[in-house]
Amino acid sequence: MIMKVIEIENLEKIYNESEIKVHAIRGIDLSFEEGEFAAIVGPSGSGKTTLLNMLGGLDNPSKGKITIGGVDISSLKSSELINFRLSNIGFVFQAYNLIPVLTAKENVEFIMHLQGKSKTERDARTKELLESVGLGDRLDSRPSKLSGGQQQRVAVARALASKPKFVLADEPTANLDTEATENLLDIMEKLNREENITFIFATHDARVMKKARRVITIEDGKVLSDEIK
Amino acid sequence: MIWSISWKNVWRNKIRSLVVIVAFTFGIFGGVYMVAVFYGMIDSRVKLAIGNEASHIQVHHPSYLDNNELKYTIDDYQKYVGQIENIPEVKGVSPRIKILGMASTSGNASGVMINGIDVDRERQVTGIDESLVEGGGSFFEEDGRKPIVIGEKLAKTLKLTYYKITAGDLDRLSDKKNMRAVLPLLDSLRDKSFRTEADFEKALSGLLGKSEAEKYSFHIKAASIKYRLKRRIVLSFQSLDGHIAYDAFRVIGIYKTGNSVFDGLNLFVRMSDITPVASLHSGQVNQLAILLTSVEHDDQVAEMVKDIMPGMDVQTWDEIMPEAGMYTSTMNYYLFIFMIIILLALGFGIVNTMLMAVLERIKELGMLMAIGMNKKRVFSMIMLETVFLGMTGAVIGMAISYGLIWYTGSTGLDLTSLYQEGFEAMGFSPMIYPTIGWESFIQLIFLVVLTGVLAAIYPARKAMKLNPSEALRIDM
């Protein structure tokens, strides 16, 4: 039987900034299974980043429920939520967001450090991951010495370091050229198959949509279509 | 790992961090070194006072100190001296007859403390015998009738000094580089005598002009002062039987300890000369002054002396001169206030710097929190960065201070040409050997760490309160 990783029920999000209420998500029901490679697409302002933030536990839903691996994350306290993110969710950001003072290896290792993994375990996993993203020879380079594509590959390795249940990637290819994008997507797809980790993208990059095996289109905070290839 | 990230973060903006570090370095250095100079002054004051004035332990008749009255004596002192000298920590014991009286010459008169001493024993206890001024005779080395040794300050008061520039004085002055310019002018004063300091100063300012004279007169006066040795001084005081006793003595030595108050008051005569004049019996003295091999044993030896001389008043140096202890404790207090002011200023500088460091890293901090760095860790990371920033400067500042204190502590800081008269009037030596104890150093390190931690709290809280989803949205 295939495990459900994420279940979203009747999700709503209303931002109460000043006087104006913004209804960003207007009732979404979705679920993701183990090993999916899915893209959430839609024009800007459609609510895809908001949805992704709530999936990642960075934002609280105004209504509805998100269950991850059987845990209702809106019931978690904020300190519990941080630990939950640490061990269950990997993040890849548009602007790479690596720690500039640390080397590629240290950036990947960092998250395992927070998890309290042993040095041997950290070393082995870091090396394995950086090799599989094709950076086995750049372990000791700082982010400033790496190209955008290389930095994003380090970020992918970092997202996977904690062996999360799924990875959320918000516009990961927005700053990359076609070659770097192809390369990154190939690597992510490979890791998705090898490690059986669910990848969920928020994107409006056609190259990503092409690669994705499921495309969920959102508009005005609602699911417009959910297409499995 | 947090430690290493924090340390690396300190160096992200090198110039900014260096500015803070340099500020800390100078702040700490300035504070520590100044305190060390003051400690050095106090230290030399205490050493000078022990060596020339108070000794480590003094014994008196229990009523003597109330009024310094001659009649309160220690009888048969010889009986005790041998026993006290047998204590291994004792370096010397000096018995003294102490009489308040008047010294007069043909020129003037002054109230004095007459010290009737056993010359050989006194040499073992005080440094007066080694403090004779140049051309100031000797410490009871010549025989002769009723010799007396007085301080330079008293010699001036009693008009036993005059000023005369000799060829030899000019020679000595020419060794001082900055004096060379005025030497040819001084030649016209050669071998002329001036009875008083005021006359000599007037002649100098007439010759060199007022401002030049003020600049050089200190050294010129020091080089050309001459002493009228062998002059007669009449001492008068109330003897034991109530009559006014007086006797004439001849000046054979003039000393200078660096404490002009002491020098203006204390004169020394032989015990054997003063005993009959004061109608005392042989063996009667007012004071036993005891010098030890080291100051550490003072309380312990004082107890032993109490056992040897029951009923007598035995005091240690800090009881004899409570002001010396007061200097030390008030200095600790000043150090504390002084450093707190410096650290307060530096602390605000750190708050400002760290706040900037946090604000320009909001996005990164948001990312760290998103991927699972908890608030406690974010808080400690910023705290550590701040403490590192402060500690780096503090460690460098302390290292420089320590090096310079060590160096000037062995060579000495010579302030002679600046304020010698002022220093001596207060009983301080113008040669300062800066020093600082380990306790003060540890206290300082504690204060610096405390400043770092306090300064860190606000920026670290600011970082901790960030909301990761909002922080990530910010465009830097």
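Of B:Ala245, B:Ala222, all but one fail to be hydrophobic (A, V, I, L, M, F, W, C) and either in contact with a Cys (Cβ under 8 Å, 6 or more places away or on another chain) or outside any helix (DSSP H, G or I) (or both); the exception is B:Ala245. Could you tell me whether any residue of the range B:397-406 is of a type in the set (S, T, N, Q), out of contact with any Leu (no Cβ under 8 Å at 6 or more places or on another chain) and at pLDDT 85 or above? Among the residues of the range B:397-406, at least one is of a type in the set (S, T, N, Q), out of contact with any Leu (no Cβ under 8 Å at 6 or more places or on another chain) and at pLDDT 85 or above, which makes the answer yes.
Would you check which residues across the range B:358-390 are within 12 Å of chain A (Cβ to nearest Cβ) and open to solvent by less than 10 Å² (accessible area, probe 1.4 Å) and list them? The answer is B:Leu365, B:Gly366, B:Met367, B:Leu368, B:Met369, B:Ala370, B:Ile371, B:Gly372, B:Met373, B:Val378, B:Met381, B:Glu385. A:Asn97 falls short on exactly one of the conditions (1) modelled with pLDDT of 90 or more; (2) within 12 Å of chain B (Cβ to nearest Cβ), and that condition is (1). Taking the listed residues B:Leu288, B:Leu267, B:Leu355, B:Leu346, the one that is in a helix (DSSP H, G or I) and crowded, with 17+ Cβ neighbours inside 10 Å is B:Leu346, with no other qualifying.
Quick one: is A:Lys105 more than 8 Å from chain B (Cβ to nearest Cβ), within 21 Å of A:Arg26 (Cβ to Cβ), surrounded by fewer than 23 Cβ atoms within 10 Å (Cβ to Cβ) and touching a Leu at 6+ places or on another chain (Cβ under 8 Å)? Answer is no for this residue.
Counting just the residues of the range A:63-88 that are touching a residue at least 60 places away in the same chain (Cβ under 8 Å) and at the interface with chain B (Cβ under 8 Å from one of its Cβ atoms), which one comes out most open to solvent (accessible area, probe 1.4 Å)? Looking at the filtered set, the residue picked out is A:Ser87. Among the residues examined, B:Gln124 qualifies as surrounded by fewer than 21 Cβ atoms within 10 Å (Cβ to Cβ) and in contact with a Gly (Cβ under 6 Å, 6 or more places away or on another chain).
Every residue, every condition in (1) farther than 20 Å from B:Thr416 by Cα; (2) open to solvent by less than 30 Å² (accessible area, probe 1.4 Å); (3) touching a Lys or Arg at 6+ places or on another chain (Cβ under 6 Å), yes or no:
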site	(1), (2), (3)
B:Gly168	yes, no, no
B:Asp175	no, no, no
B:Leu186	yes, yes, no
B:Leu207	yes, no, no
B:Ser211	no, no, no
B:Lys215	no, no, no
B:Ala223	no, yes, yes
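In the range B:441-470, how many are modelled with pLDDT of 85 or more and within 11 Å of another protein chain (Cβ to nearest Cβ)? The number of residues fulfilling the criteria is 2. Counting only helices (runs of 4 or more DSSP H) wholly contained in the range B:114-188, the ones carrying 1 or more residues that are in the same structural domain as B:Gln78 (by TED's automatic domain parsing), among the small types (Gly, Ala, Ser) and modelled with pLDDT under 90 occupy B:167-174. Checking each residue in the range B:309-326 for being buried (at least 17 other Cβ atoms within 10 Å of the Cβ) and assigned to a helix (DSSP H, G or I) picks out B:Trp317, B:Asp318, B:Ile320, B:Ala324.
Filtering the range B:88-102 to residues that are farther than 30 Å from B:Thr157 by Cα and open to solvent by 10 Å² or more (accessible area, probe 1.4 Å) leaves B:Pro88, B:Glu89, B:Val90, B:Lys91.
Yes or no: the range B:12-35 includes at least one residue that is surrounded by fewer than 16 Cβ atoms within 10 Å (Cβ to Cβ), within 14 Å of chain A (Cβ to nearest Cβ) and more than 30 Å from B:Met339 (Cα to Cα). Checking the range B:12-35: not a single residue is surrounded by fewer than 16 Cβ atoms within 10 Å (Cβ to Cβ), within 14 Å of chain A (Cβ to nearest Cβ) and more than 30 Å from B:Met339 (Cα to Cα). Search the range A:3-42 for residues being within 19 Å of the chain's Cα centre (by Cα) and not in a strand (DSSP E or B), and hand back the single one that is surrounded by the fewest Cβ atoms within 10 Å (Cβ to Cβ). Ranking the qualifying residues of the range A:3-42, first place goes to A:Met3.
The values are calculated or read from the model by the stated rules, or taken from the named source; none is laboratory data. Everything numeric in this text was worked out from a predicted model, so none of it was measured. In this analysis, Cβ positions are derived from the backbone assuming ideal geometry, glycine residues included, and neighbour counts consider all displayed protein chains. The area values use the complete protein model at the heavy-atom level, side chains included, leaving out ligands, DNA and RNA. Shrake-Rupley method; radii C 1.70, N 1.55, O 1.52, S 1.80 Å.
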